[in-house]
1. Can you say whether residue 69 is modelled with pLDDT under 95 and within 15 Å of the chain's Cα centre (by Cα), as far as the supplied structure shows?
2. Name the residue, out of 81, 101, 41, that is touching a strand residue (DSSP E or B) at 6+ places or on another chain (Cβ under 8 Å), at pLDDT 90 or above, closer than 19 Å to residue 153 by Cα and in a strand (DSSP E or B).
3. Does residue 58 satisfy the criteria of being at pLDDT 90 or above, within 24 Å of residue 24 (Cβ to Cβ) and out of contact with any helix residue (DSSP H, G or I) (no Cβ under 7 Å at 6 or more places or on another chain)?
4. Conditions: (1) farther than 12 Å from residue 100 by Cβ; (2) crowded, with 24+ Cβ neighbours inside 10 Å. Residue 67 meets all but one. Number of the miss?
5. Could you say which residue among 122, 115, 149 is over 13 Å from the mean Cα position of the chain (by Cα), surrounded by fewer than 21 Cβ atoms within 10 Å (Cβ to Cβ) and modelled with pLDDT under 95?
6. Provide a single number: the residues in the range 1-38 that are surrounded by fewer than 22 Cβ atoms within 10 Å (Cβ to Cβ), in a loop (DSSP other than H, G, I, E, B) and modelled with pLDDT under 95.
7. Can you tell me which condition residue 48 does not meet? The list is (1) buried (at least 19 other Cβ atoms within 10 Å of the Cβ); (2) modelled with pLDDT of 95 or more; (3) closer than 22 Å to residue 108 by Cα, and all the others hold.
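The values are calculated or read from the model by the stated rules, or taken from the named source; none is laboratory data. This structure is a prediction, so every number in the text was calculated from the model and none was measured. Don't worry about glycine lacking a Cβ; one is built from the backbone with ideal geometry, like all the others, and counts go over all protein chains shown.
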């Protein structure tokens, strides 16, 4: 069943038009924000975002972004920095739940406070909490490198908990049920960008988290965090009052 769902996701993803250097917001629920000129601004369905972006959701928010061959989904209280790199995308995941789907031609790297996840041609969920990062591979294979320098391969149906002390791999039978309501993506197939229909969200590369109005440093420029140093998510800052007003907007 999972194999059929993964195949369907990749087939639909292949229909997504190449939006070079851009992301399309195909699904927005509740409050989703993008950092522009050091200020948080609302994201609307159908909005086109630049290739490099810092996005977050509030507790009631969900966000789906799609680009060429990649989809990203953020659940509530999530924060991600996105940077397109040659042949794929690099993401820094600061907080919350993030789902990423990718075609075989797209390379994905997700850096978290506890380690780094790389994969292509598959679907991976990362959940960042205070002391650990949970990685669940729903299709394909992924490699996890933790802060100790140890790297392991994780297959579809397996999960791993990554902490500052290392990585613990769980057998499929030990995995708890994943709630499809956690993110707008989950195991759902990616949909082509549309100004009115739901789609899939996607992400970028590691960098120090924006906070207090400051801009994140560019990935690869010496300012990015090593595993274990991604820090906390950006703060809603000046946008908080406006964002609170959206809390009752619902789905």
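1. yes
2. Among 81, 101, 41, only 101 is touching a strand residue (DSSP E or B) at 6+ places or on another chain (Cβ under 8 Å), at pLDDT 90 or above, closer than 19 Å to residue 153 by Cα and in a strand (DSSP E or B).
3. no
4. (1)
5. On inspection, the qualifying residue turns out to be 149.
6. 10
7. Among (1) buried (at least 19 other Cβ atoms within 10 Å of the Cβ); (2) modelled with pLDDT of 95 or more; (3) closer than 22 Å to residue 108 by Cα, residue 48 violates only (1).
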